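Comments concern the structure below.
The values are calculated or read from the model by the stated rules, or taken from the named source; none is laboratory data. What you are looking at is a predicted structure, and each value in this text was computed from that prediction instead of being measured. Every residue, glycine among them, receives a Cβ derived from its backbone with ideal geometry; neighbour counts consider all protein chains shown.
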Amino acid sequence: MKISRLHLEQFRNIESLSVFPCETVNIIYGDNAQGKTNLLEAIWLLSGAKSFRGAKDADLIRFGESRALIESDFFCAGRQQTSKIQLEGKKTAWLNDIRQDSITAFAGIFTTVVFSPSHLGLVKDGPAGRRKFLDTSICQITPRYIGMIGQYQRILLQRNTLLKDISYASALLDTLDIWDEKLSALGGVIIRMRMEYTRRLQKEAEDIYKGISMERESFSLDYRPFELPVQEGQTQREISSLLLEKMMQNRSEDLRSGSTGIGPHRDDLEISINGRSVRSFGSQGQQRSSVLALKLAESRCIGDILGERPVILLDDVMSELDQNRREYLLNHLTGSQIFITCCDKGYFSRLEGGRVFRMEHGQLEQE
């Protein structure tokens, strides 16, 4: 999956810009607030997703203007294709000159993986962000998983509401078994799918991290069900039975707190380097390298399923990395088109191929 042309009009601080990137590594450098991240954000929107910066549509239109435009030519599924997004009140999308009902029509056709400084929360923050990372990744590979997560959250909300209501109407206690069975059945499926994906991700991330660290450090992932003694190789049915048993044991505590204390909504993903938690003991460089390894491994997993590697967007990735780790990113990530932003021109002095662009005041110039 490769972009051959990108054209922007009135997008963020960019008045008008056309760029013809190469098929390998594309470096966009310049001072802060010049538009580097805006360029990556535009590419990300072409995947049918919302802004990775959490921006509203109105924020994407250049100040004082009424509309913005994103156009691309890209090679995918063995042929050249085109896409266009117009922002004017709402998003309007075209794929191969055919108007689409929604921008989500691009999902699964043009795919990207993005790293930005905000993603460091994967290792620095609590387990909710790591669960979201797993779920989002699995959804790209198995679309039906989106419905499973939504259904689980609805059942969980209904069970928690019931737990609170029982304190006022004890007769409702008899209905709790029904919700326990529903929640444990679906919870077992989710836990099993997360464990399988983690094993797949572990294999790819371990290999990538070896390259990033020049084989000086070892990387590992461990999916940890909360207070649930799940064993490697257990089936979904066995995990569901174990979850139901644990929920029954924890029922009195759930009734006291008014919330469900056991299930995949409490699980975590442990990220370690050399057997030690990156969150607790990792340096800034190790934490950044760990998230990079996860994101690049996600790219490989998507590529294995779809048959084409997604476009990789790395925003402000070079800071906190030593020279060897930078060199790996520049010259040893093969098979994907990559866009890397940075401020310091010296970061890419060892680039062996690709193209370099300077961004200044929303204008891009190839060097």
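Annotations for the structure displayed:
- Filter result for the condition that a residue is modelled with pLDDT under 85, among the β-branched types (Val, Ile, Thr) and either within 26 Å of Val278 (Cα to Cα) or not assigned by TED's automatic domain parsing to the domain that holds Arg194 (or both), over Thr104, Thr92: Thr104
- Any hit, region 196-217, residues being aromatic (Phe, Trp, Tyr) and surrounded by fewer than 20 Cβ atoms within 10 Å (Cβ to Cβ): no
- Taken over region 80-119, the criterion of being surrounded by 18 or more Cβ atoms within 10 Å (Cβ to Cβ), of a type in the set (A, V, I, L, M, F, W, C) and not in a strand (DSSP E or B) is satisfied by Ile103, Phe106, Ile109, Phe110.
- Helices (runs of 4 or more DSSP H) wholly inside region 264-367 that include at least 2 residues being among the hydrophobic types (A, V, I, L, M, F, W, C) and in contact (Cβ under 8 Å) with a residue 60 or more places away in the chain: 284-306, 323-331
- Odd one out for Val230 among (1) assigned to a helix (DSSP H, G or I); (2) at pLDDT below 95: (1)
- Failed criterion for Ile27 (all others in (1) aliphatic (A, V, I, L, M); (2) at pLDDT 95 or above; (3) more than 20 Å from the chain's Cα centre (by Cα) hold): (2)
- Of all the residues in region 153-195, those that are free of Cβ contacts under 8 Å to residues at least 24 places away in the same chain and acidic (Asp, Glu) number 3.
- Considering only residues in region 211-258 that are of a type in the set (Asp, Glu) and within 15 Å of Arg192 (Cβ to Cβ), the one that is farthest from the chain's Cα centre (by Cα) turns out to be Glu238.
- Some residue of region 14-36 being closer than 18 Å to Trp94 by Cβ and either crowded, with 22+ Cβ neighbours inside 10 Å or not assigned by TED's automatic domain parsing to the domain that holds Ala77 (or both): no
- Test: residue in region 309-323 that is surrounded by 15 or more Cβ atoms within 10 Å (Cβ to Cβ), among the acidic types (Asp, Glu) and more than 26 Å from Gly30 (Cα to Cα): no
- Unique match (being crowded, with 16+ Cβ neighbours inside 10 Å and closer than 30 Å to Ala33 by Cα) among Arg300, Arg326: Arg326
- Positions within region 36-79 being assigned to a helix (DSSP H, G or I) and among the charged types (D, E, K, R), in sequence order: Lys36, Glu41, Asp57, Asp59
- Verdict on Phe133 being under 18 Å from the mean Cα position of the chain (by Cα), closer than 30 Å to Arg300 by Cα, among the aromatic types (Phe, Trp, Tyr) and not in a helix (DSSP H, G or I): no
- Of all the residues in region 239-256, those that are in contact (Cβ under 8 Å) with a residue 12 or more places away in the chain and assigned to a helix (DSSP H, G or I) number 12.
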